[in-house]
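A.B. asks: Below are the structure tokens for one structure; questions will follow.
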Amino acid sequence: MIDVRLQHEPIDVGSTYQQLVNARFGAVNMFVGTIREWTGDIQTNTIRYTAYKEMALKELSKLANEVEEKFDADVIVIHRLGELQLTDIAVFIGVATPHRAASYEGSRFIIEELKKRVPIWKEEVDTDRIRWGGERDDAH
């Protein structure tokens, strides 16, 4: 089972976890990324996520398929779009596998590759400036 989504609605971790529960799996690894207030000495107010949706879904599906094939896994990847507030969930990655090591490895692979390969952009509105993907835009 593979389920990849981009959505504006909040991510329901409980019901999403239930989708991964399966008697043939002994491990479910979940990564839940939230909006933090501080990045070093930079204070964030909100974050806005945008995406090239068609390509983002295609790349997310590729990542999920790679993990499914390599680890005999069920995979769910959900990324929020729109404006998020502090502590909101931005991304959920769930990987269910027969054994724990594979679920950890699959989950880590997806989040690291998502940041490299998936066209989702992060605009961070700080208390004094705007950053795109962690880079400060001092012109604003």
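A.B. asks: Whether any residue in the stretch 88-103 is closer than 29 Å to E123 by Cβ, outside any strand (DSSP E or B) and open to solvent by less than 70 Å² (accessible area, probe 1.4 Å) is what I want to check.
C.D. replies: Yes; the residues of the stretch 88-103 include at least one that is closer than 29 Å to E123 by Cβ, outside any strand (DSSP E or B) and open to solvent by less than 70 Å² (accessible area, probe 1.4 Å).
A.B. asks: While we're here: Can you name the residue in the stretch 104-127 that is at pLDDT 95 or above and of a type in the set (V, I, T) and is also surrounded by the fewest Cβ atoms within 10 Å (Cβ to Cβ) among such residues?
C.D. replies: The residue in question is I111.
A.B. asks: Report yes if W132 is open to solvent by 60 Å² or more (accessible area, probe 1.4 Å), over 22 Å from V4 (Cβ atoms) and hydrophobic (A, V, I, L, M, F, W, C), otherwise no.
C.D. replies: It is true that W132 is open to solvent by 60 Å² or more (accessible area, probe 1.4 Å), over 22 Å from V4 (Cβ atoms) and hydrophobic (A, V, I, L, M, F, W, C).
A.B. asks: Also: Among the residues of the stretch 65-78, is there at least one that is open to solvent by 20 Å² or more (accessible area, probe 1.4 Å) and part of a strand (DSSP E or B)?
C.D. replies: No, because not a single residue in the stretch 65-78 is open to solvent by 20 Å² or more (accessible area, probe 1.4 Å) and part of a strand (DSSP E or B).
A.B. asks: So, in the stretch 16-39, how many residues would count as being touching a Gly at 6+ places or on another chain (Cβ under 8 Å), of a type outside the set (V, I, T) and within 18 Å of V125 (Cα to Cα)?
C.D. replies: Total meeting the criteria: 0.
A.B. asks: On the basis of being within 18 Å of P10 (Cα to Cα), more than 12 Å from the chain's Cα centre (by Cα) and at pLDDT 95 or above, does G82 make the cut? Break it down stepwise before answering.
C.D. replies: Working: within 18 Å of P10 (Cα to Cα): yes; more than 12 Å from the chain's Cα centre (by Cα): yes; at pLDDT 95 or above: yes.
So G82 fits the description; yes.
A.B. asks: Scanning for something open to solvent by less than 70 Å² (accessible area, probe 1.4 Å), charged (D, E, K, R) and not in a loop (DSSP other than H, G, I, E, B), does the stretch 36-58 turn up at least one residue?
C.D. replies: Checked against the condition, which is being open to solvent by less than 70 Å² (accessible area, probe 1.4 Å), charged (D, E, K, R) and not in a loop (DSSP other than H, G, I, E, B), the stretch 36-58 yields no hits at all.
The values are calculated or read from the model by the stated rules, or taken from the named source; none is laboratory data. None of these values were measured; they are calculated from a predicted model. Please note: Cβ atoms are built from the backbone with ideal geometry, for glycine as well, and neighbour counts cover all protein chains shown. Heavy atoms of the whole protein, side chains included, go into the accessibility calculation; ligands, DNA and RNA do not. Shrake-Rupley method; radii C 1.70, N 1.55, O 1.52, S 1.80 Å.
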